[in-house]
Amino acid sequence: AAKKSGRNRFACFDHSMERELQTRNDLENGLRHAIPNHEIVPYFEQQIDLASERLHGFEVLARWEHPQRGTISPEIFIPIAEETGMIGDLSLSIMKQAFSAARDWDPSLSLSVNISPWQLRDAWLAQKIIKVLAETGFPPTRLEVEITESSLFENLALAQSIVGSLKNQGVRIALDDFGTGYSSLAHLRALPFDRIKIDKSFVQSINESADSAAIVNAIARLGESLNLPVTAEGIETAAIAERLRAIGCAKAQGWYYGKPLSVTAARRLLAERRLLRGQSTPRESDVQS
Ligand code: C2E
Ligand code: MG
Ligand code: MG
Ligand code: MG
C-alpha cells in the first residue's frame, strides 16, 4: 500500500484493481461449482419469422443464477469459462438442460445454441453435441449452432470437420454477429453456413443512421444472393421490425418480442399459445385445401 499522499491516486487504482482481481478469482472458483450445481441455466429468447410474425424457435442464452450475487451476465462469465477451460462443460450442461426442456415443446420450434470459438479446438465437439442430442431425444434437425466470426480460422480444418459432422446429422450452422469482429467475406465461404445473423449494433441504429441502414441492406442482399436467410438481432421497436421486414430479413429477435425467458416462463408462454407437444391445433395456413 502507498504511504505518500502523492501516490494516493495510484494507491486507489491499485485497490480497485485488487478488488477486480478478487471478484474475478471468486467468480472463477464459483464457476467450478456452479456448473455441476446447475447454477448456470438456459434462458430462451424468441426468434420470430418476420413475414408471418410466427414464433419460429428460441436462442438459448446462458445465465448464472449466483446464490449471492444474483443473475450474472454471460458477457462476464463466458470469457472466464473460456480462459479456464470450463467452456466445454458449461456449454454441454446448457445444451442438456435446454434440449430436455424443449422436448415437450411443439416440434415446429427450433433451438439455436451459441458455440464459443474456443470449443472449435475440441476435436470431439461434434460427437459430444450429438451424444447430448441422442440422450435428451432432441432432434438434430431442430438445432442450429451459432458460431461467431472471431478466431474462427485459428484451426480452419478442425472447424470444418466439426461443422461437417454436425451437418451430417442435420444440424444447421449460423454465422453470428456478422459485421463485427474479424469480419471477412471469406468467412462465408470457409464453412457451409445456413444463416447469417446481423449484429444488433447495426440493427439498433437502422432508423437513425443511414450508414447502418446501408450496411443492414447490403447484408440482406448478400444473404439473398448466397441463398442464406438473414436473422436480425436486437430489435427493440415496432419501427425497426417494420424496416427489417421491408429490407427482407427473414427472422428477427429482440426485446420488442420479449426478454429472454426462463424454462418455466417459456413453458408458460408456449402453453398459452398452445405450442406444447400434442397441444397444437392445425394453423389455418397449414390446412390443405
Ligand atoms: P449473442 O449470441 O449475440 O446474443 C444476443 C445478445 O443480445 C444476448 O445477450 C441477448 O439477451 C441480447 N439482446 C437480445 N435482444 C436484445 C435487444 O433488443 N436489445 C438489447 N440491448 N440486447 C438484446 P446476452 O444473453 O447477455 O448474451 C451475450 C452474449 O454472450 C451472446 O451474444 C453470446 O455471444 C454469449 N453467450 C450467451 N450464452 C452463451 C452460451 O451458452 N455459450 C456461449 N459460448 N456464449 C453464450
Ligand atoms: Mg447468438
Ligand atoms: Mg448474435
Ligand atoms: Mg451480438
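The values are calculated or read from the model by the stated rules, or taken from the named source; none is laboratory data. Predicted model, so just to flag it, every value in this text is computed and none were measured. Ideal geometry is used to build each Cβ from the backbone, glycine not excepted, and the neighbour counts take in all protein chains shown. Surface areas here come from the heavy atoms of the whole protein model, side chains and all, with no ligands, DNA or RNA. Shrake-Rupley method; radii C 1.70, N 1.55, O 1.52, S 1.80 Å.
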- Query: Within the stretch 259-269, is even one residue within 29 Å of P192 (Cα to Cα) and surrounded by 13 or more Cβ atoms within 10 Å (Cβ to Cβ)?
  - Reply: yes
- Please give the number of the condition N155 fails out of (1) within 16 Å of ligand 2 (Cβ to nearest atom); (2) surrounded by fewer than 20 Cβ atoms within 10 Å (Cβ to Cβ). (1)
- Among the residues of the stretch 12-51, count how many are assigned to a helix (DSSP H, G or I) and β-branched (V, I, T). 1
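Considering only the stretch 52-87, state which residues are part of a strand (DSSP E or B), buried (at least 17 other Cβ atoms within 10 Å of the Cβ) and either without any contact (Cβ under 8 Å) to a residue 24 or more places away in the chain or within 14 Å of the chain's Cα centre (by Cα) (or both). Please lay out each step first, then the result.
Initial filter on the stretch 52-87 (part of a strand (DSSP E or B)): 54-66, 70-72.
Applying the additional criterion that residues be buried (at least 17 other Cβ atoms within 10 Å of the Cβ) yields 55-64, 66, 72.
Selection gives G57, F58, E59, V60, L61, A62, R63.
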- Restricting attention to the stretch 179-197, and to residues there that are small (G, A, S) and not in a helix (DSSP H, G or I), which single residue is farthest from ligand 4 (Cβ to nearest atom)? A186
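Per-residue answers, yes or no, for (1) away from ligand 2 (no atom under 16 Å from the Cβ); (2) in contact (Cβ under 8 Å) with a residue 12 or more places away in the chain; (3) of a type outside the set (G, A, S):
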{"site": "Q160", "(1), (2), (3)": "yes, yes, yes"}
{"site": "A190", "(1), (2), (3)": "yes, yes, no"}
{"site": "I198", "(1), (2), (3)": "no, yes, yes"}
{"site": "S205", "(1), (2), (3)": "yes, no, no"}
{"site": "D211", "(1), (2), (3)": "yes, no, yes"}
{"site": "A214", "(1), (2), (3)": "yes, no, no"}
{"site": "A218", "(1), (2), (3)": "yes, no, no"}
- Please work out which one of (1) in contact with a strand residue (DSSP E or B) (Cβ under 8 Å, 6 or more places away or on another chain); (2) in a helix (DSSP H, G or I); (3) open to solvent by less than 40 Å² (accessible area, probe 1.4 Å); (4) closer than 24 Å to H187 by Cβ is the condition K167 fails and give its number. (3)
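Yes or no, residue by residue, for (1) charged (D, E, K, R); (2) over 21 Å from I94 (Cβ atoms); (3) more than 14 Å from ligand 3 (Cβ to nearest atom):
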{"residue": "W118", "(1), (2), (3)": "no, no, yes"}
{"residue": "R121", "(1), (2), (3)": "yes, no, yes"}
{"residue": "I129", "(1), (2), (3)": "no, no, yes"}
{"residue": "E135", "(1), (2), (3)": "yes, no, yes"}
{"residue": "F138", "(1), (2), (3)": "no, no, yes"}
{"residue": "E154", "(1), (2), (3)": "yes, yes, yes"}
{"residue": "L158", "(1), (2), (3)": "no, yes, yes"}
{"residue": "V171", "(1), (2), (3)": "no, no, yes"}
- Item | Matching residues in the stretch 153-209 - criterion: being among the aromatic types (F, W, Y) and farther than 28 Å from T237 by Cα | F153, Y182, F193
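For the stretch 171-178, check the following and say yes or no: at least one residue is touching a Gly at 6+ places or on another chain (Cβ under 7 Å) and within 16 Å of ligand 4 (Cβ to nearest atom). Can you show your working first?
In the first step, residues of the stretch 171-178 are kept if they are touching a Gly at 6+ places or on another chain (Cβ under 7 Å); the result is none.
Checked the stretch 171-178: no residue is touching a Gly at 6+ places or on another chain (Cβ under 7 Å) and within 16 Å of ligand 4 (Cβ to nearest atom).
Quick one: is T231 outside any loop (DSSP other than H, G, I, E, B), among the polar types (S, T, N, Q) and within 17 Å of S52 (Cβ to Cβ)? Please lay out each step first, then the result.
Details: outside any loop (DSSP other than H, G, I, E, B): yes; among the polar types (S, T, N, Q): yes; within 17 Å of S52 (Cβ to Cβ): yes.
Yes.
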- Query: Would you call L90 modelled with pLDDT under 95, part of a helix (DSSP H, G or I) and surrounded by 18 or more Cβ atoms within 10 Å (Cβ to Cβ)?
  - Reply: no
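Criterion first (at pLDDT below 95, away from ligand 4 (no atom under 16 Å from the Cβ) and either exposed (fewer than 15 other Cβ atoms within 10 Å of the Cβ) or of a type in the set (D, E, K, R) (or both)) does R243 satisfy it?
Numbers: at pLDDT below 95: no; away from ligand 4 (no atom under 16 Å from the Cβ): yes; either exposed (fewer than 15 other Cβ atoms within 10 Å of the Cβ) or of a type in the set (D, E, K, R) (or both): yes.
Against the criterion (at pLDDT below 95, away from ligand 4 (no atom under 16 Å from the Cβ) and either exposed (fewer than 15 other Cβ atoms within 10 Å of the Cβ) or of a type in the set (D, E, K, R) (or both)), R243 does not qualify.
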